[in-house]
Structure formats: structure tokens, C-alpha cells
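*Asks:* Next up is a structure, given as C-alpha cells.
The values are calculated or read from the model by the stated rules, or taken from the named source; none is laboratory data. Note that the coordinates shown come from a computational prediction; the quantities given were computed from them, not determined experimentally. Neighbour counts run over all protein chains shown; Cβ positions are idealised from the backbone, glycine included.
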Amino acid sequence: MKHLNAEPSAPAAGAATTELTTISIRIPAPLRDYAGGAAELSLPATSVRAALAQLERHHPSLYRSVCDETGAVRRHVNLFVNLAHVRDRHGLDTALAPGDILTILPAVSGG
């Protein structure tokens, strides 16, 4: 797992700011080349939005595969915090706790 040594992002509304919130981001195989081959990244973030901001700073190609030019998550990409889809929570403003896992899951289609 790669660790990003970056300054913490702005906390989500109501999030505690006294401790560093380190979370993991699971990277699917098709996107790992954009993360230096890593299957998982560890980084400080207190919300999904802050985690994506860290990706934009440190892995811009990975970020562009997840988010469009406006910063919205691409339609064919799903984000989960632990087992919950972020759309079922608070979207990009979903708060993250230490040890949470943010999973990037591209949509699968076929016939």
C-alpha cells in the first residue's frame, strides 16, 4: 500500500479536526497504472471530496479516470465507503473515519 504524505484536506462539516483521519482507497486493476501500480493507497482525508482532492494532487491521471472536468464522479464509476455507496449517504460530502475504505468500482457491462 502506498502512503501519501500530504497535508490534511479541509474537514467535512461536523468532522473532528484534532486527529489525522487516514483512510485507504482501493484501486481496481484497470486503473492501477494511474496509481503507480498500487492496488491500495493510504491518505489523510475527512470526506470523500477531500480524498478525491488528494488523488487530484498526487495521481491526476487516476483522478481524471474517476472524475470529470467539473469534479463530478463519472457516470460509469461507483464509489463505496466500506460497503455503502456514496450516493446512498451524503455523496462527495460523505464523512470518513480513520480506517475507512473508499473503493473505486467502474461499472461493468457486456452482453
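*Asks:* Can you tell which of Leu102, Leu31 is in contact (Cβ under 8 Å) with a residue 12 or more places away in the chain and assigned to a helix (DSSP H, G or I)?
*Replies:* Selected residue: Leu31, the only one of Leu102, Leu31 that is in contact (Cβ under 8 Å) with a residue 12 or more places away in the chain and assigned to a helix (DSSP H, G or I).
*Asks:* Let me ask you something else. Could you grab me the full set of residues in segment 62-85 that are more than 24 Å from Asp33 (Cβ to Cβ), surrounded by fewer than 19 Cβ atoms within 10 Å (Cβ to Cβ) and of a type in the set (A, V, I, L, M, F, W, C)?
*Replies:* Leu83, Ala84 - these are the residues of segment 62-85 that are more than 24 Å from Asp33 (Cβ to Cβ), surrounded by fewer than 19 Cβ atoms within 10 Å (Cβ to Cβ) and of a type in the set (A, V, I, L, M, F, W, C).
*Asks:* Kindly indicate the residue of segment 54-111 that is more than 22 Å from Ser42 (Cβ to Cβ) and either in contact with a Phe, Trp or Tyr (Cβ under 7 Å, 6 or more places away or on another chain) or of a type in the set (S, T, N, Q) (or both) and also modelled with the lowest pLDDT among those meeting that condition.
*Replies:* Among those residues, the one meeting the criterion is Ser109.
*Asks:* Do you know which residues across segment 72-96 are of a type in the set (D, E, K, R) and within 12 Å of the chain's Cα centre (by Cα)?
*Replies:* Hit for segment 72-96 is Asp93, nothing else.
*Asks:* If you check every pair at least six apart or on different chains, which have Cβ atoms under 7 Å apart with a residue in segment 47-60 that is of a type in the set (Asp, Glu) first and a residue that is in a helix (DSSP H, G or I) second?
*Replies:* Glu56/Tyr63
*Asks:* Which of the residues belonging to segment 93-103 are in contact with a helix residue (DSSP H, G or I) (Cβ under 6 Å, 6 or more places away or on another chain) and of a type in the set (A, V, I, L, M, F, W, C)?
*Replies:* The answer is Leu102, and nothing else.
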